[in-house]
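**Q** For reference, the structure I am asking about is given below.
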Amino acid sequence: MKAPAFWDKQNWFSTVLLPPSWLYNAASKWVQGRKTPYRAPVPVICVGNLTVGGTGKTPTVIALIKRLTEQGATVHAVSRGYGGTETGPTLVEIGPHTAEEVGDEPLLIASYAPIWVARDRAAGVRAAVNAGADIIVLDDGHQNASVAKDLSIIVVDAAYGFGNERVLPAGPLREAISAGMNRADVVVLIGEPKTPWPETFHGKPVLRAALHPRFSGMSLDGARVLAFAGIGRPEKFFETVAAQGAIIEDREVFSDHQVYNRPIIDRLMARAEAQDLMIVTTEKDMVKLPEYTRGKIWPIPVDLIFDHEEKLTVFDLFTGRNSNERSPI
């Protein structure tokens, strides 16, 4: 889904949509208030956001998994599996499973930790605990009240922020900023903001980070490329490619979670061949491409790097929190 242009700023059209926006917000509060959250016997960390579309949640989840694994934790992730057909709980397997079955983001995360796809997130958390997880990372789910969280991280795309700061459909927000931040513990701000951000936001610490390409023996400096992406904010990917010295001669934007069929792939490859261009895309898009594209289309993997590693101790604040309230499965 491509975000409507009017979500960027408050105008007459977004104002007209305020009544349904109020209804959406009220309905969301009502649904959250009716649920009794399941409290897992192990810590649960939620990586979520307040807006629809891409903010950098998946790189944040992966960075968090790496950090916790390095500390000796047995980490499992749980995802709704957006775009997939599996209802779960299903343990994602690279190879047997496709993006059409489990979603593209779970396939990407599966390279770093066991991940469960479950429409019922509480069931997914139970499955992870039963499989031996001692820490669980929820990929998205800040607005889902079915699971109690020990640490809630809000990821913000610094360049976009919160758009016009209005709730769907008048703006990109899933809920009001104040309501979402009341349940949050920390903000991860990714990229360079257009306006200065404070060290705390709604009383919560702000950690600053950026996405950096990870190459192994490949350089884009001076390369003429065709770049394509089907992510929430594809311009971020194009900026990353250009920042590495690549010359983007051709580009194409697809919808977030785009399914790539043979005609689409053949069209892209024919365009690149006609112009003698290298084809590059995101890791998230690459996991959805068939095997025959390997060596013909190149993924540009990225790592989330924090500005101040010493501040990441905030991630450890969840340890032991509410441990006396934990109940057996």
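Let's see how each residue does on (1) of a type outside the set (A, V, I, L, M, F, W, C); (2) more than 13 Å from LEU173 (Cα to Cα):
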site	(1), (2)
PRO4	yes, no
ASN11	yes, yes
VAL16	no, yes
SER28	yes, no
PRO43	yes, yes
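**Q** Now for a separate question. Of the conditions (1) over 18 Å from the mean Cα position of the chain (by Cα); (2) in a helix (DSSP H, G or I); (3) among the acidic types (Asp, Glu), GLU86 satisfies every one except a single condition; which number is it?
**A** GLU86 satisfies every listed condition except (2).
**Q** Name the one entry in ALA272, ALA209 that is in contact (Cβ under 8 Å) with a residue 24 or more places away in the chain, touching a Leu at 6+ places or on another chain (Cβ under 8 Å) and either not in a helix (DSSP H, G or I) or not assigned by TED's automatic domain parsing to the domain that holds LYS296 (or both).
**A** Values: ALA272 fails: either not in a helix (DSSP H, G or I) or not assigned by TED's automatic domain parsing to the domain that holds LYS296 (or both).
The unique qualifying residue is ALA209.
**Q** If I filter the range 62-76 down to residues being surrounded by fewer than 14 Cβ atoms within 10 Å (Cβ to Cβ) and of a type outside the set (Asp, Glu), which single residue comes out as modelled with the highest pLDDT?
**A** Here is the first cut: in the range 62-76, the ones surrounded by fewer than 14 Cβ atoms within 10 Å (Cβ to Cβ) are 70-72.
With of a type outside the set (Asp, Glu) added as a condition, the list becomes 71-72.
Values: GLN71: 86, GLY72: 89.
For the range 62-76, the residue satisfying everything is GLY72.
**Q** Of a type outside the set (A, V, I, L, M), assigned to a strand (DSSP E or B) and modelled with pLDDT under 95: which single residue out of ASP303, ASP256, ASP250 fits that description? Can you show your working first?
**A** Numbers: ASP256 fails: assigned to a strand (DSSP E or B); ASP250 fails: modelled with pLDDT under 95.
Step by step, each of ASP303, ASP256, ASP250 is checked, and only ASP303 is of a type outside the set (A, V, I, L, M), assigned to a strand (DSSP E or B) and modelled with pLDDT under 95.
**Q** Continuing with this model, one more query. Tell me which of these ARG174 doesn't satisfy, since it passes every other one: (1) at pLDDT below 95; (2) farther than 30 Å from PHE6 by Cβ; (3) basic (Lys, Arg).
**A** Result: ARG174 passes all but (2).
Conditions tested, residue by residue: (1) modelled with pLDDT of 90 or more; (2) surrounded by 22 or more Cβ atoms within 10 Å (Cβ to Cβ); (3) hydroxyl-bearing (Ser, Thr, Tyr); (4) assigned to a helix (DSSP H, G or I).
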{"site": "LYS2", "(1), (2), (3), (4)": "no, no, no, no"}
{"site": "SER14", "(1), (2), (3), (4)": "no, no, yes, yes"}
{"site": "LEU23", "(1), (2), (3), (4)": "yes, no, no, yes"}
{"site": "VAL31", "(1), (2), (3), (4)": "no, no, no, yes"}
{"site": "THR36", "(1), (2), (3), (4)": "no, no, yes, no"}
{"site": "VAL42", "(1), (2), (3), (4)": "yes, no, no, no"}
{"site": "ILE45", "(1), (2), (3), (4)": "yes, yes, no, no"}
{"site": "THR60", "(1), (2), (3), (4)": "yes, yes, yes, yes"}
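**Q** Residues in the range 153-173 that are under 19 Å from ARG183 (Cβ atoms), charged (D, E, K, R) and assigned to a strand (DSSP E or B): how many?
**A** Here the count works out to 0.
**Q** Report whether or not ALA99 is in contact with a strand residue (DSSP E or B) (Cβ under 6 Å, 6 or more places away or on another chain) and either over 16 Å from ASP285 (Cβ atoms) or not basic (Lys, Arg) (or both). If you could, list the steps in order and put the result at the bottom.
**A** On the way: in contact with a strand residue (DSSP E or B) (Cβ under 6 Å, 6 or more places away or on another chain): no; either over 16 Å from ASP285 (Cβ atoms) or not basic (Lys, Arg) (or both): yes.
Taking the combined requirement at face value, the residue does not satisfy it.
**Q** If GLY232 passes every condition in (1) crowded, with 17+ Cβ neighbours inside 10 Å; (2) assigned to a loop (DSSP other than H, G, I, E, B); (3) modelled with pLDDT of 90 or more; (4) out of contact with any helix residue (DSSP H, G or I) (no Cβ under 8 Å at 6 or more places or on another chain) but one, which one does it miss?
**A** Tallying (1) crowded, with 17+ Cβ neighbours inside 10 Å; (2) assigned to a loop (DSSP other than H, G, I, E, B); (3) modelled with pLDDT of 90 or more; (4) out of contact with any helix residue (DSSP H, G or I) (no Cβ under 8 Å at 6 or more places or on another chain), GLY232 fails exactly one: (3).
**Q** Among the numbered criteria (1) of a type in the set (D, E, K, R); (2) over 18 Å from THR55 (Cα atoms); (3) touching a residue at least 60 places away in the same chain (Cβ under 8 Å), which single criterion is violated by ASP139?
**A** Failing condition for ASP139: (2).
**Q** How many residues does the range 243-292 hold that are of a type in the set (S, T, N, Q) and loosely packed, with under 14 Cβ neighbours inside 10 Å?
**A** Start the filter on the range 243-292 by keeping residues that are of a type in the set (S, T, N, Q), which leaves 244, 255, 258, 261, 275, 281-282.
Of the ones still in play, those that are also loosely packed, with under 14 Cβ neighbours inside 10 Å are 255, 261, 275.
Result for the range 243-292: 3.
**Q** Ok, one more. Can you name the residue in the range 100-120 that is within 16 Å of the chain's Cα centre (by Cα) and assigned to a helix (DSSP H, G or I) and is also surrounded by the most Cβ atoms within 10 Å (Cβ to Cβ) among such residues?
**A** Just the residues of the range 100-120 that are within 16 Å of the chain's Cα centre (by Cα), to begin with: 102-113, 115-117.
Now drop any that are not assigned to a helix (DSSP H, G or I), which leaves 102, 104-109.
On the way: VAL102: 28, ASP104: 28, GLU105: 27, PRO106: 31, LEU107: 26, LEU108: 27, ILE109: 22.
In this case the residue turns out to be PRO106.
**Q** Out of (1) assigned to a loop (DSSP other than H, G, I, E, B); (2) closer than 29 Å to THR87 by Cα; (3) touching a strand residue (DSSP E or B) at 6+ places or on another chain (Cβ under 8 Å), what's the single condition that is false for ALA145?
**A** (3)
**Q** Give just the number: which of (1) basic (Lys, Arg); (2) in contact (Cβ under 8 Å) with a residue 40 or more places away in the chain; (3) closer than 27 Å to PRO172 by Cβ does ARG126 not satisfy?
**A** (3)
The values are calculated or read from the model by the stated rules, or taken from the named source; none is laboratory data. Since the structure is predicted, the reported quantities are computational estimates derived from the model, not experimental observations. So basically every Cβ, Gly included, is an ideal-geometry build from the backbone, and we count neighbours across all protein chains shown.
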